[in-house]
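Comments concern the structure below.
The values are calculated or read from the model by the stated rules, or taken from the named source; none is laboratory data. Note that this is a predicted model, so its numbers are computed, not measured. Here the Cβ positions follow ideal geometry from the backbone for every residue, glycine too, while neighbour counts run over all protein chains shown. The accessibility values were calculated without ligands, DNA or RNA, using every heavy atom of the protein model including side chains. Shrake-Rupley method; radii C 1.70, N 1.55, O 1.52, S 1.80 Å.
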Amino acid sequence: MQLMRSTKIHDVPTPALLVDVAALDRNIARMAAFFAAGPCRLRPHFKAHKTPEIARRQLAAGSCVGITCATVAEAEVAAALCDDLLIANEVVSADKCLRVAALAREVAITVAVDSIAGIDALAAAARTHGVTIGILVDVNVGQGRCGVEPGDEAVALATRVAATPSLTMRGVMGYEGHLQPLRDRAEREARTRVAMRELVETAREIRAAGIPCEVVSSGGTGTYDISGRVDGVTEIQAGSYALMDTDYASVGVPFEPAFFVVGTIVSRPSPERCVADCGHKSMTKDHGYPSVKGMDGATVTALNDEHAVIAVPASCTLSIGDRVQLLPSHTDPTVNLHDVFYVIEGDRVVDVWPISARGYHEHRITPSS
C-alpha cells in the first residue's frame, strides 16, 4: 500500500495490524528507565514483534545488553541490528547449527543448551566455520519445558561445555514462564523469587567448580520487576511489554496496549450483533478472545477463521463498512500472522514497518529470474 499524507486508518485494507507509535515509545521508555538503575540489564525479546524498527527503538532507548531471539531465523534478521545476540532456545540440527556458526563470524552469539547432543552439534558447526559460540546452560526453574535440573545436573553440563573446544561457557538461563500470567502479585513475587534463587544458586555452584558463569539470564514481562531485582540475575528477556496484549494487561504490569487488529464490519444481522472481517486468521485466541477498543458494552463472542462476532448494545451505531479495532490477547503469534505494521498517530497512518522475521523464511521460494 502506498501511503499519502492523508492516509487514514479507514484507507487500510482489512484485516490489518496497527501499532500506535506513541504508546509503543512510552512502553519502551518505561522499561528502559526501570533497568537504567541497578546491575541487571534488559535483553529485549525479538520474538514478540519480529520487527527491526521496534528493535531499533528498544536499543536506542538504552539499558540493553543485546537482543534475545527464539529462533535462528530471528537471529539472522536481528544480526543487522545488534552485535550481541542470544538464541534463548535449543539448536540441535546440523543445518541450523551451521547457520548459527555463520552468524558468529559477524556478531557475538550465544545459544541455550540442555543436552550433550546440543553441545556436540554446536561445537561441530563452530569448528567448521572456525568460530567460537557462546553457551548458556538452560535450567528448568519450574516451567517443565526445556532445561536441565538446577544444581548438580546443570554443573555437569556446564563442565562439559567448558571442556569443549570452540564453545565458550558464558552462564545460565532459566525462564519462569509458568509464573508470568499469575494474577495475584504476592503469589507471583513469592514463587518467582524461589525460582530465581534456584537459578542464582546454580550459577554460584558452577563458579565454585571453577567454571566461568558471568551471565544469569531470565525473566519476562510479567516478572521483569521481580526477577530483575534479584541479586545475581544479570539480564531480563522481556518482550511483550512493547506492544502489550490483554493477557499481560490483566496481570497488572504498567504498560499500555500499543497494537490492534483493525477490521471492517461486514454484517449487522441484528441490533445486538455485528460481524467484522478480522477472524482467527488475523489474531490468535489461545489466551482468550480479543477485546473491543473504545466501545462500551461490546464483547467478542466468537472468533472464526475470517469473522469476529461481536455482541453490542442495541444502541450501538456501527454500520456495515465501519472499522473496528480489537486488542489481541496474545502478542507473539498474532504478530506472526501479519506481514507489516501500519504505524498510526491518532487516525493517521504515518508509516509501514515490515515484520521481517515472521514465519519460517527457510521455506520461502524465491522466484527464478
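Working value for the stretch 149-291: equivalent-ellipsoid semi-axes of 42, 17, 12 Å, each the square root of 5 times a Cα gyration tensor eigenvalue, largest first.
Give the accessible surface of the stretch 155-223 per residue, rounded to a whole number of Å², with probe radius 1.4 Å and ligands, DNA and RNA excluded. Show your work: numbers first, answer last.
On the way: 2820 Å² over 69 residues.
Heavy-atom accessible area per residue stands at 41 Å².
What the stretch 1-132 shows is 40 Å² of accessible area per residue, with the surface traced by a 1.4 Å probe over protein heavy atoms. Have a look at Ile344, Gly232, Ala276 and report the one farthest towards the positive end of the charge dipole of the stretch 232-360, computed about the Cα centre with Cβ charges (Lys/Arg +1, Asp/Glu -1). Result: Ala276, furthest along the dipole toward the positive end. Label-to-label distance, Ile365 versus Glu106, with points set 7 angstrom from Cα along the beta-carbon direction: 2.6 nm.
Determine the dipole magnitude for the chain: charges of +1 sit on the beta-carbon of Lys and Arg, -1 on that of Asp and Glu, nothing else is charged, the reference point is the Cα centre, and the result goes in debye to the nearest 20.
Details: 35 positive and 44 negative charges, 85 e Å.
Dipole of the chain, to the nearest 20 debye: 400 debye.
For the peptides 97-109, 210-222, the ranking by packing is 210-222, 97-109, with the highest mean count of neighbouring Cβ atoms within 10 Å listed first. Taking the centroid of alpha carbons for each part, the stretch 288-355 and the stretch 67-87 are 30 Å apart. When the charge dipole of the chain is built from unit charges on Cβ atoms (+1 for Lys and Arg, -1 for Asp and Glu) and taken about the Cα centre, the candidate among Ala60, Ile320, Ser166 whose Cα reaches farthest toward its positive end is Ala60. Measuring nothing but protein heavy atoms, the accessible surface of the chain at 1.4 Å probe radius is 51 percent carbon and sulfur.
Full-extension gain between Val350 and Ile320, please, as 0.36 nm times their residue separation minus the C-alpha to C-alpha distance. Before the final figure, lay out each step's value.
On the way: separation 30, 0.36 × 30 = 10.80 nm, distance 2.59 nm.
In short, 8.2 nm is gained.
Each residue of the stretch 312-317 was assigned a 3J(HN,Hα) from its phi angle through the Karplus curve 6.51 cos²θ - 1.76 cosθ + 1.60 (θ = phi - 60°); the sequence is 9, x, 4, 7, 4, 9 Hz, with glycine and proline shown as x.
Quick one: helix 21-35 against the long Cα principal axis of the chain, what's the angle to the nearest 10°, folded into 0 to 90? Long axis of 21-35 versus the principal axis of the chain: about 30 degrees. The angle between the Cα long axis of helix 94-104 and the main principal axis of the chain comes to about 90°, on a 0 to 90 degree scale. With an 8 Å cut-off on Cα pairs and a minimum separation of 6 or more residues, tell me the relative contact order of the chain in percent. Taking the mean separation of contacting Cα pairs over the length of the chain, I get 20 percent.
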